[in-house]
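The values are calculated or read from the model by the stated rules, or taken from the named source; none is laboratory data. What you see is a predicted model, and the numbers here were worked out from it, not measured in a lab. Cβ placement follows ideal geometry from the backbone for every residue including glycine, while neighbour counts extend to all protein chains displayed.
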2 protein chains.
Amino acid sequence: MARAGLTAERLTQAAADLADEVGVENVTVAALARQFGVKDASLYFHLRNAHDLRVRIALLALAELADRVAEALAGRAGKDALVAFANAYRDYARRHPGRYAAMQIDLDPETAAASAGIRHAEMTRAILRGYRLSEPDQTDAVRMMHSTFHGFVSLERTGGFRHTPRPTDESWARALDALDAVLSNWPSR
Amino acid sequence: MARAGLTAERLTQAAADLADEVGVENVTVAALARQFGVKDASLYFHLRNAHDLRVRIALLALAELADRVAEALAGRAGKDALVAFANAYRDYARRHPGRYAAMQIDLDPETAAASAGIRHAEMTRAILRGYRLSEPDQTDAVRMMHSTFHGFVSLERTGGFRHTPRPTDESWARALDALDAVLSNWPSR
DNA sequence: GTAGTAGCCTAGCTCTCCTAGGCAAACGAT
DNA sequence: ATCGTTTGCCTAGGAGAGCTAGGCTACTAC
């Protein structure tokens, strides 16, 4: 019998692709094993359990997204950087709905600390250099930006905007204009 | 044998409470049946399937949230209304994490159209009357507001803000200030 | 009081998750 | 080359979830 050559990395990659196709909630150990022509029990040699598999997808997605954003951000500043960041973020979420959804699962603190989530925070702060905000305004602004991006993408995906005909691309562009405006003139106390 | 007196409504209510305690993903037909001292098969007389149960929780939550928001909004206008809406929204999400999570599941279009989601959209538009925005700016502003609220609450819940010590209440207040500022001076083209 | 329906039951299937223990392929050392 | 040793996948099987089919019993209407 030839071996399938499984590794945690290959499994995670395949699981992430599967998530994009059928949704994270349908990423099961059994389905993944089937894709490799292997019995489900065999995967437990490489994975702790089903939850572990989903966490791995989340970490993969966080790292991938951080890469895309870093690339988009290179050499840009100010509103240009803001828009590039935002579009890279939204693009990734739309191209990889399953990966994006996986990113939303609760990571326990130490896993989260070791994840690429930290890079996101750093890059978001980098954007704000163009807007000259000091603490604690900077943190507040980072949180608002992230909220807007995540909220918009998430509502768009679950169909929260469907009841109005207005193209979401337009609303997205205006939201970025609005963010730029408010960051340029942050209402500090 | 005495009957348990099950109805779809009672089941949904109990399921929603269960969701708040253990998370939507752990709301199972079997667990719900156990709470009523009944066999799981019995619930299929009142529910189509497990997904149907979750949809019912989502619809219940949407209606409840719309009620809270409507109450909070009564007699207020302008920034006052904005803050009241936002706080009612965030409060509900924090008090009822399971219900809130259930609200995020994809509803098929006709179910969504019949849901209280519509009331949310109407109330959000009502707030904007204080800011004198006309279409399509109004739709864009509604979408941005909703994105900010949902994004913030959702990130707060999944621990997305944990890596910075700044109290989230402060950031929330500043985000509302920022929203008020940008709505007061919406950057239309 | 009896017919009919509504409400809950048991039995049983499929699927997923996961553990324990077995066997064979790959590999390093002699 | 061959002989352990490790590594990788296997079979077997149990627990629990989802769901269906069909049976029995408590109410309800007449």
(Q) On the basis of being small (Gly, Ala, Ser), over 27 Å from residue B:24 (Cβ atoms) and within 12 Å of DNA strand D (Cβ to nearest atom), does residue A:70 make the cut? (A) no
Q: Taking only the stretch B:1-34 into account, find how many residues are farther than 22 Å from residue B:112 by Cβ, among the polar types (S, T, N, Q) and away from DNA strand D (no atom under 12 Å from the Cβ).
A: 1
(Q) Any residue in the stretch B:25-42 that is closer than 16 Å to residue B:13 by Cβ sitting within a Cβ distance under 8 Å of a residue that is more than 6 Å from DNA strand D (Cβ to nearest atom) and of a type outside the set (A, V, I, L, M)? List the pairs, counting only those 6 or more apart or interchain. (A) B:27/B:54; B:27/B:98; B:33/B:39; B:33/B:42
Q | Selected residue (criterion: surrounded by the most Cβ atoms within 10 Å (Cβ to Cβ)) from residues of the stretch A:118-167 that are at the interface with chain B (Cβ under 9 Å from one of its Cβ atoms) and among the basic types (Lys, Arg) | A | A:143
Q: Considering (1) closer than 30 Å to residue B:173 by Cβ; (2) exposed (fewer than 15 other Cβ atoms within 10 Å of the Cβ); (3) acidic (Asp, Glu), say which one residue B:40 fails and leave the rest.
A: (1)
Q: Could you please let me know if residue B:58 is within 14 Å of another protein chain (Cβ to nearest Cβ), more than 13 Å from DNA strand D (Cβ to nearest atom), within 26 Å of residue A:51 (Cβ to Cβ) and of a type outside the set (Phe, Trp, Tyr)?
A: yes
(Q) Looking at B:34, B:56, B:94 in this structure, which one is buried (at least 20 other Cβ atoms within 10 Å of the Cβ) and not β-branched (Val, Ile, Thr)? (A) B:56
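For (1) in contact with a Pro (Cβ under 9 Å, 6 or more places away or on another chain); (2) modelled with pLDDT under 95; (3) outside any helix (DSSP H, G or I); (4) of a type in the set (Val, Ile, Thr), each residue gets a yes or a no:
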{"site": "B:148", "(1), (2), (3), (4)": "no, no, no, yes"}
{"site": "B:162", "(1), (2), (3), (4)": "yes, yes, yes, no"}
{"site": "B:176", "(1), (2), (3), (4)": "no, no, no, no"}
{"site": "B:179", "(1), (2), (3), (4)": "no, no, no, no"}
Q: Determine, yes or no, whether residue A:84 is over 18 Å from residue A:103 (Cβ atoms), touching a residue at least 12 places away in the same chain (Cβ under 8 Å) and under 18 Å from the mean Cα position of the chain (by Cα).
A: yes
(Q) Among the numbered criteria (1) within 16 Å of DNA strand D (Cβ to nearest atom); (2) modelled with pLDDT of 95 or more, which one does residue A:49 miss? (A) (2)
Q: Starting from residues that are over 19 Å from residue A:64 (Cβ atoms) and either among the hydrophobic types (A, V, I, L, M, F, W, C) or surrounded by 11 or more Cβ atoms within 10 Å (Cβ to Cβ) (or both), keep the ones in the stretch A:1-21 and report whichever is farthest from DNA strand C (Cβ to nearest atom).
A: A:6
